[in-house]
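Taken together, the values in this text are just the output of simple stated rules run on the coordinates, not laboratory data. Predicted model, so just to flag it, every value in this text is computed and none were measured. Using ideal geometry, Cβ is built from the backbone for each residue, glycine included, and neighbour counts are taken over all protein chains shown.
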Amino acid sequence: MSVLETHSCQSSYRRLQYVFNELPHNTKKTKQRVLCCSGQNIRMLHDSNGQLSNVQSGYYLEKQYQKVLRRAHNPNRRYQVQSMIISFDPSEFDAEPEHLSVQAQQALKLAQNFVHKYFGDTQCVMAVQSDGDGGKLHIHILFNTVKPSGKTVATNRFNINKLRSQMDNIMEHDFQRITGRRWSNPIRNQEQRHDIDNLTNRSQWQRYLKKLINQIKGEANSIDEFIHKLSAHEVSVKGRAHGTAWTYSATIHTLKGNRILKVRDFYQRRDKLTGEIKSTRGLGRNFSKESLVKYFKLKQHVDSKKKEEITNGSRKKDEQLLKLKTMAADARARVRRQQRINTIQSKQFDATKAEEQKQKAQRNRQEAGRNHQYQGQHPSDRRIGRQTGYGKPRTVLSKAQRRHQPETGGPEF
């Protein structure tokens, strides 16, 4: 036996309408929404045979709930109904169509014994159904949050573990008497889990969470990136205390199944008069929102300084590189200029050398010509000719030139 669900409802009317006046959710086993029902400290509709009718009016029941609610010190309370759902294991009630009506009456009798023993001072209604997706036999019990006496039903009476233990006691003492079958707790009969040593409890999860936060702190660069990386590890962060604090939560595998574990970042309860610290809760001061925001601001400031230093260093390197490139360009320009000068000078030198060779060749030809003229003369004539100048080649004049040539015979009168 297990109590699947228990929670508070703000509207008694909507909950009663849901249980009694909606159509069946699944018609594989039955076309009835309610197989049988009962109540405590409340009037319910009967059929023509004087038996409780399976069809009840949610409006009629809600009027009686409101009448009792008005007896409370605060009739305008937020929660009007406490809802509890008891689901039976197939080993207890198989809910087969041919046995469904009998098993529904037996389950209702067990629920009546449970309510009478542990909630005898309350107003409630019970409805047995089997129209769920799984087809299991289950019972809805709706408790008025106010007793017929006008007092409030304590909410700690609806603790899930406490209710499960109480229902197990009823099943152990009354199941065989009502059904004629021996009852064995289906939860205790489950096989030993093979992963029992690997399941996580709260303290282990908190140690893991601290290690994970410290790891992600080093990887993230901002508070938003930090939260995003945590969500990637299935850890959610929710703000509290008007956004000044955080609550870490995650769904983990524990010894009691999958559970949502939550833990505060950091909290200290202080005496209002003396300021003395009464208690400390949470992961620690280093995991609080305030501490992490300061950490990432400092990290971003340091990173910006490093980037600025890198930028300045790269700028200096660029300037030095530009200077070296300019110097190299100037050197290449000087080399090209010197090469042009050398080329011009080489050309001028070659031209001068060619001119000198030309002049030398001309002089050699002239010297050779003179030597040719002296070859037919006596050496003494060549010597006299050289002294008197007659040795030079004579110029042969034409008749016209001789006609105009002045005579050298004597003076002119």
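Near Asp121, within a Cβ-to-Cβ distance under 9 Å, what is the net charge of the other residues, with Lys and Arg +1 and Asp and Glu -1?
Its environment carries a net charge of +2.
Multiplying the residue separation of Asn342 and Ala154 by 0.36 nm and subtracting their alpha-carbon distance yields 56.5 nm. Only one residue of Asn286, Phe266, Val235 has its Cα farthest out toward the positive end of the dipole of the stretch 200-292, where Lys and Arg carry +1 and Asp and Glu -1 on Cβ, and that residue is Phe266. I'd like the FRET efficiency for Tyr295 and Asn74, computed as 1/(1 + (r/R0)^6) with the beta carbon distance as r and R0 of 56 Å, rounded to 0.05. So, using R0 = 56 Å, E works out to roughly 0.75.
Near Gly313: Cβ cut-off under 12 Å, other residues only, Lys/Arg at +1 and Asp/Glu at -1. The net charge is +1.
How many angstrom lie between the Cα centre of the stretch 330-373 and the Cα centre of the stretch 218-287? Spelled out, the Cα-based centre of one part sits 97 Å from the other. What is the sum of charges around Arg363, taking Lys and Arg as +1, Asp and Glu as -1, for the other residues whose C-beta is under 13 Å from the C-beta of Arg363? Local charge sum for Arg363: +1.
What's the FRET efficiency of Glu234 with Gln17 using the Cβ-Cβ distance as r and R₀ = 30 Å, to the nearest 0.05? If you can, show how the numbers build up before the last one.
On the way: r = 37 Å, r/R0 = 1.25.
E(calc), rounded to 0.05, equals 0.20.
Placing R0 at 25 angstrom, the Cβ-Cβ distance between Lys305 and Asp224 gives a FRET efficiency of 0.70 after rounding to 0.05.
For the stretch 200-292, what's the relative contact order in percent, using C-alpha pairs closer than 8 Å and at least 6 residues apart?
On the way: 120 pairs, mean separation 19.9, N = 93.
Relative contact order comes out at 21 percent.
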